[in-house]
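Enquirer: My questions all concern the structure below.
The values are calculated or read from the model by the stated rules, or taken from the named source; none is laboratory data. On a predicted model such as this, the values are computed, not experimentally measured, just so you know. FYI the Cβ positions are ideal-geometry reconstructions off the backbone, even for glycines, and counts take in every protein chain you see. Heads up: the accessible areas ignore ligands, DNA and RNA and are worked out on the full protein's heavy atoms, side chains in. Shrake-Rupley method; radii C 1.70, N 1.55, O 1.52, S 1.80 Å.
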Amino acid sequence: MSKIVIIGSISMDLVMETDRIAEAGETVFGKQFSMVPGGKGANQAVAIGRLSSKDDHIEMLGAVGQDQFGPSLLDNLNQNQVISENVGTIPYSTGVAQITLYDDDNRIIYCPGANGEVDASHFDSEWDIIKSADLVVLQNEISHSSNLAIAQFCHQNGVKVLYNPAPSRDTDVDMLDFVDVFTPNEHEIKELFPNQEIEDVIKHYPNKLLVTLGTKGSIFFDGKEIQKVPAIKAEVVDTTGAGDTFNGAFGYALSKGMSFKDAVAFGTLASHLSVQGFGAQGGMPYLKEMKESGYYEETWAVE
């Protein structure tokens, strides 16, 4: 059994598909508009929930607003094996991401809404939930002060933390001493460690700093040598949520006792499958779909 607590954003994604990006002052036609569940925290929770077994305990902490989006987003979590009973409903708008899909890639504008009001200083019973977890998963769509307080609490209480510093902030490096795994992408690592080569940076953080490189895969240092795990080529429908799928699946694999490298490969397969579906969560695979892939390794032995 794995007990994983995800603390972060819960949002509605407003997705516009287009063949043209508007210039300043210009209006262009879109091909299709959709509203789909999102938010980096909820995305990672759903990615984990879909892979989980009935014996696992996957729980989300965060907040939604008092609007039409809140109830549907909570229902979506529940339908994906994620417990949401301790997600708060507060008098703000629910978080919203405006996403433009163009040329097999995405452009995102994020408005935090209720997510910006998630404040660890107001936690009460939440600390007990966190303390009992095997793994806590964090991202950057709640405040840095809350993330830092949670990471420090986990560090003091022997709870492992996977931290995905996205979107990046200057203060993200403050988290390094208190988390077990730190997973920036290639853009975020350059912002956090300017004028340094990725391979030089990761050597300081063996089996801790994992950098995702999009279509080039992932890279980390195992304490002896640099390890590169290649991406799997896919027919891309939508890249939104691919990183969240990777982080969720990677964290879930670690909770099941996989080696660091195998967990990276497991996350890589999950993100490979995710980009073949529409929306941040639409392509996120269930464990059955993972096992049906020719890239699934029987030695992973996840049940």
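Enquirer: Which members of the range 3-50 meet the condition of being assigned to a loop (DSSP other than H, G, I, E, B), open to solvent by less than 40 Å² (accessible area, probe 1.4 Å) and modelled with pLDDT of 95 or more?
Expert: Gly8, Ser9, Ile10
Enquirer: Pick from the range 148-163 the residues that are more than 17 Å from Val118 (Cα to Cα) and touching a helix residue (DSSP H, G or I) at 6+ places or on another chain (Cβ under 6 Å): which of them is surrounded by the fewest Cβ atoms within 10 Å (Cβ to Cβ)?
Expert: Asn157
Enquirer: Take the range 280-291 and flag every residue that is of a type in the set (A, V, I, L, M, F, W, C) and either under 17 Å from Lys233 (Cα atoms) or part of a loop (DSSP other than H, G, I, E, B) (or both).
Expert: Across the range 280-291, the qualifying residues are Ala280, Met284, Met290.
Enquirer: Which of the residues that make up the range 137-185 are touching a Leu at 6+ places or on another chain (Cβ under 9 Å), over 17 Å from Gly267 (Cα atoms) and among the β-branched types (Val, Ile, Thr)?
Expert: If the condition is that a residue be touching a Leu at 6+ places or on another chain (Cβ under 9 Å), over 17 Å from Gly267 (Cα atoms) and among the β-branched types (Val, Ile, Thr), then Ile150, Val159, Thr171, Val173, Val179 are the ones that fit.
Enquirer: For Gly294, work out the one condition from (1) out of contact with any Pro (no Cβ under 9 Å at 6 or more places or on another chain); (2) assigned to a loop (DSSP other than H, G, I, E, B); (3) in contact (Cβ under 8 Å) with a residue 12 or more places away in the chain it doesn't fulfil.
Expert: (3)
Enquirer: Considering only residues that are of a type outside the set (Val, Ile, Thr) and touching a Ser or Thr at 6+ places or on another chain (Cβ under 6 Å), which ones fall in the range 248-268?
Expert: Ser255, the sole residue that qualifies.
Enquirer: Could you name every one of the strands (runs of 3 or more DSSP E) located completely within the range 52-140 that has at least 3 residues being in contact (Cβ under 8 Å) with a residue 12 or more places away in the chain and in contact with a strand residue (DSSP E or B) (Cβ under 6 Å, 6 or more places away or on another chain)?
Expert: 57-61, 88-90, 95-102, 105-111, 135-138
Enquirer: Looking only at the range 192-230, count every residue that is assigned to a loop (DSSP other than H, G, I, E, B) and under 23 Å from the mean Cα position of the chain (by Cα) and tell me the total.
Expert: Of the residues in that region, 10 qualify.
Enquirer: Filter the range 253-303 down to the residues that are among the hydroxyl-bearing types (Ser, Thr, Tyr) and more than 21 Å from Gly214 (Cβ to Cβ), then identify the one that is most open to solvent (accessible area, probe 1.4 Å).
Expert: In this case the residue turns out to be Thr299.
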